[in-house]
């Protein structure tokens, strides 16, 4: 039963939020926070048990011999932990941000549902269960994207659905084909397709169907078109969903696909991982270059997200233990770094109505703490030691070498330089002189300020503690080891 | 030429006439009559084919089917005609292809 | 001889059937349909089904004929020429 | 004979008695008679399903004559599932109707004939699902048709009468065609019992071609009644011109009843390949229906027309099972389970969707979709119902639509006919396009004016419940699959009493 709680608790919070409606905002906020705290507690317990080797499994019969199943393995728990912890922090931010907005019940309800779905994606035991949660995630995100109801938001929502549902359909076809070929295939570190490896053509086709399905949410170019547009959503949505839950569900799907469905050995011997790696490498470079030219702050961050997600995809697709661990660690690290930036962008937009780099003059003087946090995250993202981004990139780089793919190392290094290139101008723009009316040093609402400081601090802490047990880096190394024959590097 | 075959062929002809009327005629009464004629054609086919037993004994099952069919057809006709009358009273139209003057409705 | 009678009866039925769905005067249509029912009972008798013949005469010709006559009483007695195809276009818009 | 074995007969007699009683009873009590009968019927349907699961399929000889002379009722798994679907949706429709038709409204649609007609339709639907006799199918079809036309024309305004008359003529055409088919089949085989016919037909013989033509005619008639493209022309107007509870029943149940007869005839009675090309043709038409119906739904501006065209599209999914006939038992049970799942889940979702659509229409005082902006804020429960039912239409998890699509796609791919899977996927995308077009209007601002809720709208939780049931219906798939495997629909040969 406990294993279902990360899915059920947010779902229950969502249900109560819908039932409460707009009547009792305070009760609603309290309830959501309690649910978030309880989810974090549950996940922590599950993590401790999983470290001790105890994997909980839950299953509900669904179709003939297919169950809707969840299990608490380390890989899934890493994603789940990131999602729930950041849900709690984002809730605080969102309560401040949405204070005077309309339709709050709808907003917070679907917000919690998204987290429920993301946790389901994280913990799913097999590709069909993962698909179920993946599609629920698509659906529950839509109302958040179109929350404002403006024509612009509706257009963005339409685009998002077009991409996401098309991807979902490909994923469904891939799943159906796989089931017709191999029956139920629960995720197994190292691969679950023993006995059908000889159907190489079918397996390649299935791989590309599924990778395309996940690739939409992972925003691998050319499937990324929805992401910049979806930034019209309220800031907490962009932050949590477009830096954490939704996009990470895509890359997480790819991690499961390669490490635990096909297995790194089969994926690379079929030649499919290499194709994926090529797409990811191209995405990294192209998206970074596009990011350089964006004036809209959120758009710039969005393209940065596209690039950073492909870091993860490339890491997994290299099929080496170190690179795979780096990918998983980067999934966690990137979440903390990017959410800091989106929070900042939201604060600037909400408090100062600043949305573009060209309008940012004087922002650093007006909000020094906010922008300081942003700077920490920006440097972390660019891979400056000893911040979080450095640790995961180091792993990714050594993984490239280990895999004998020195071209990937070059891509990572070049992308790091490009990241400096698109992050530093934001900081420079903020330090330009300019006037925003109010006295200097007045920050936004404390409920919006503190979450920023906390997540920025996490970027430092995660970087400093990277070598310790329980840190994402150590965790990722432990989690991916079984997929490569159980050798902990 | 045996009796049953004459009636079977005739029934098929009558069925086609009825079908044509139901589909192609526009007046609602002609459609209703057409449907009835269609039914009669089939009944004729049924009874005629029922006669075609090797020992020449009439098979009771087709007769039962026809009796049922006659009753059902009358019910359908009554319903169709009552709708037609009501429609004519409301709109003055006796042809479903023409638009009624106003389409109200909850 | 018997076959000739059958052929004639069937031909008559076909002829009346055509007439009853193509008459411009509705009353004539109904009368022809009632006649059709009566000749049909004759056919049932010829086919060795007197019970069906009875049912046909009573229900097929009788009740249906009465229903049709009643309906005709409510409507214009003639089938009016149909308007231009313009109404067909409006019908598509309606659907 | 135990009481349990009598259940098929009881399921026909109970609503028939209720139909007569509501006719006699006055305006004040008829709704309670109907409500009581609906509850009894649901209990009977549950009992039937439980017994089928417990003891397997059985035949009930009406009047004790026995086939081929008498008429047999067949209680097998699929029939029990459809009867149960009719009961659950029927109960919901009955409850909804008690609020929708005001007792003191002198014009209350059809002067109270609603209840009589509705109970009569329930009778004939149960009969249609349970009968094992090809001619009896004709009788049930006609009875369903008469009551459905009566209900569709119930409002008595010009639009409803016109739709009703068209529906009636489509019904007459279908019924006569079916009867001709039965006549040919009987003359070729001298048999009307479907289970026996399967054996007779499988043996072949001199009358084979006549029987094949007969079956083709019967199938054509049922296709017309099930509104499969291109024979769907009558459905949108008939379903949308009717009062809301009737629309729900017509769209959710009537086309399912005729579809079930088709399933019995094509998969249960006819050996695979007996009528050349028939099964593939049905599959192709199904795929065309999915695409064409969805595109039409996308173009509609009136809410009930929109929902009705979505039915046209959803019906298409049900026909994907036919071209798979003849595949191995594993694949067929997967496919059959898939379509039964789809029929049931669509029945639940569509009835909820029609009720919500009708309530939205009443609240906004118009049926123009473009004037329902802001419904998400002003009528959140109804919007939620539309959204959740939409998830089922799209076939996204965890709805039953997902389960059926997955099972059908897997079955198609297993038989190498992967193109059906592509059609299924495309249909889901198109469904998303038409559902989200409507939802986007409801989510957009500024909000249009809204009338206060009346009695029927206070029942907005009922459609939400139906939509929720459909939303989680994939978890009922094990039960549906189990029921799908019980009985003679796929097994060759007759079931002994």
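The values are calculated or read from the model by the stated rules, or taken from the named source; none is laboratory data. As the structure is a prediction and not an experimental result, all values here were calculated from the model. With ideal geometry, Cβ positions are generated from the backbone for all residues, glycine too; neighbour counts draw on all protein chains shown.
All conditions in (1) farther than 23 Å from residue A:253 by Cα; (2) away from chain D (no Cβ under 12 Å) hold for residue A:102, with the sole exception of (2). Here residue D:265 clears all of (1) closer than 29 Å to residue D:478 by Cβ; (2) under 17 Å from the mean Cα position of the chain (by Cα); (3) buried (at least 24 other Cβ atoms within 10 Å of the Cβ) except the condition numbered (3). The one condition from (1) assigned to a helix (DSSP H, G or I); (2) over 20 Å from residue B:68 (Cβ atoms); (3) touching a helix residue (DSSP H, G or I) at 6+ places or on another chain (Cβ under 6 Å) that residue D:199 does not meet is (3). Taking the condition within 9 Å of chain C (Cβ to nearest Cβ) and modelled with pLDDT of 85 or more, does residue B:51 pass? Criteria not met by residue B:51.
Here A:174, A:191 are screened, and the one residue that is at pLDDT 85 or above and touching a helix residue (DSSP H, G or I) at 6+ places or on another chain (Cβ under 6 Å) is A:174. Candidates are the residues of segment A:105-130 that are within 14 Å of chain D (Cβ to nearest Cβ) and in contact with a strand residue (DSSP E or B) (Cβ under 8 Å, 6 or more places away or on another chain); the one that is nearest to residue A:449 (Cα to Cα) is A:120. Of the residues D:36, D:70, the single one that is outside any helix (DSSP H, G or I) and either surrounded by fewer than 18 Cβ atoms within 10 Å (Cβ to Cβ) or at pLDDT below 85 (or both) is D:70. Is it the case that some residue within segment D:443-459 is in a helix (DSSP H, G or I), touching a residue at least 12 places away in the same chain (Cβ under 8 Å) and within 11 Å of chain A (Cβ to nearest Cβ)? Yes, the conditions are met somewhere in segment D:443-459.
Among the candidates D:458, D:437, the residue that is at negative phi and at pLDDT 85 or above is uniquely D:437.
When B:90, B:23, B:46, B:96 are screened for being on the phi < 0 side of the Ramachandran plot, modelled with pLDDT under 90 and more than 7 Å from chain D (Cβ to nearest Cβ), only B:23 passes. When we screen D:299, D:281 for residues that are under 22 Å from residue D:416 (Cα atoms), surrounded by fewer than 23 Cβ atoms within 10 Å (Cβ to Cβ) and modelled with pLDDT of 90 or more, the only hit is D:281. Residue count for segment D:394-409 satisfying the condition of being more than 9 Å from chain A (Cβ to nearest Cβ) and either part of a helix (DSSP H, G or I) or within 16 Å of residue A:65 (Cα to Cα) (or both): 3.
Could you tell me whether residue D:263 is over 23 Å from residue D:124 (Cβ atoms), assigned to a helix (DSSP H, G or I), away from chain B (no Cβ under 14 Å) and touching a residue at least 12 places away in the same chain (Cβ under 8 Å)? When the stated conditions are applied, residue D:263 does not pass them. In the set C:67, C:8, which member is modelled with pLDDT of 90 or more and touching a helix residue (DSSP H, G or I) at 6+ places or on another chain (Cβ under 8 Å)? Exactly one residue qualifies, and that residue is C:67. Comparison of A:378, A:364 shows that the only residue that is more than 21 Å from residue A:249 (Cα to Cα), assigned to a helix (DSSP H, G or I) and free of Cβ contacts under 8 Å to residues at least 60 places away in the same chain is A:378.
Within segment D:331-365, which residues are surrounded by fewer than 24 Cβ atoms within 10 Å (Cβ to Cβ) and touching a helix residue (DSSP H, G or I) at 6+ places or on another chain (Cβ under 8 Å)? If the condition is that a residue be surrounded by fewer than 24 Cβ atoms within 10 Å (Cβ to Cβ) and touching a helix residue (DSSP H, G or I) at 6+ places or on another chain (Cβ under 8 Å), then D:331, D:332, D:333, D:361, D:362, D:363, D:364 are the ones that fit.
Rundown of residues vs (1) out of contact with any strand residue (DSSP E or B) (no Cβ under 9 Å at 6 or more places or on another chain); (2) within 11 Å of chain D (Cβ to nearest Cβ); (3) surrounded by fewer than 20 Cβ atoms within 10 Å (Cβ to Cβ); (4) under 18 Å from residue A:258 (Cα atoms), yes/no style:
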site: A:161; (1), (2), (3), (4): yes, yes, no, no
site: A:169; (1), (2), (3), (4): yes, yes, no, no
site: A:172; (1), (2), (3), (4): yes, yes, no, yes
site: A:179; (1), (2), (3), (4): no, yes, no, yes
site: A:186; (1), (2), (3), (4): no, no, yes, yes
site: A:191; (1), (2), (3), (4): yes, no, no, yes
site: A:195; (1), (2), (3), (4): yes, no, yes, yes
site: A:202; (1), (2), (3), (4): yes, yes, yes, yes
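With respect to residue D:188, is the statement that it is surrounded by 20 or more Cβ atoms within 10 Å (Cβ to Cβ), touching a helix residue (DSSP H, G or I) at 6+ places or on another chain (Cβ under 9 Å) and under 25 Å from residue D:318 (Cβ atoms) true? Taking the combined requirement at face value, the residue does not satisfy it. All told, residue D:157 meets the bar of being touching a helix residue (DSSP H, G or I) at 6+ places or on another chain (Cβ under 8 Å), farther than 21 Å from residue D:19 by Cα and facing chain B (nearest Cβ under 7 Å). In a loop (DSSP other than H, G, I, E, B) and either at the interface with another protein chain (Cβ under 10 Å from one of its Cβ atoms) or more than 30 Å from residue B:83 (Cα to Cα) (or both), is that true of residue D:205? Answer is yes for this residue.
Just one of the numbered conditions (1) within 7 Å of chain B (Cβ to nearest Cβ); (2) within 30 Å of residue D:5 (Cα to Cα); (3) not in a helix (DSSP H, G or I) is not true of residue D:191: (1). Here the condition is being in contact with a helix residue (DSSP H, G or I) (Cβ under 6 Å, 6 or more places away or on another chain), under 16 Å from residue B:64 (Cα atoms), part of a helix (DSSP H, G or I) and more than 7 Å from chain B (Cβ to nearest Cβ); of C:45, C:52, it holds for C:45 alone. Given (1) part of a helix (DSSP H, G or I); (2) at pLDDT below 90, where does residue D:327 come up short, assuming only one miss? Looking at each condition in turn, residue D:327 falls short on (1). Among the residues of segment D:231-253, those identified as away from chain C (no Cβ under 14 Å) and either out of contact with any helix residue (DSSP H, G or I) (no Cβ under 7 Å at 6 or more places or on another chain) or over 20 Å from residue D:156 (Cβ atoms) (or both) are D:231, D:251, D:252, D:253.
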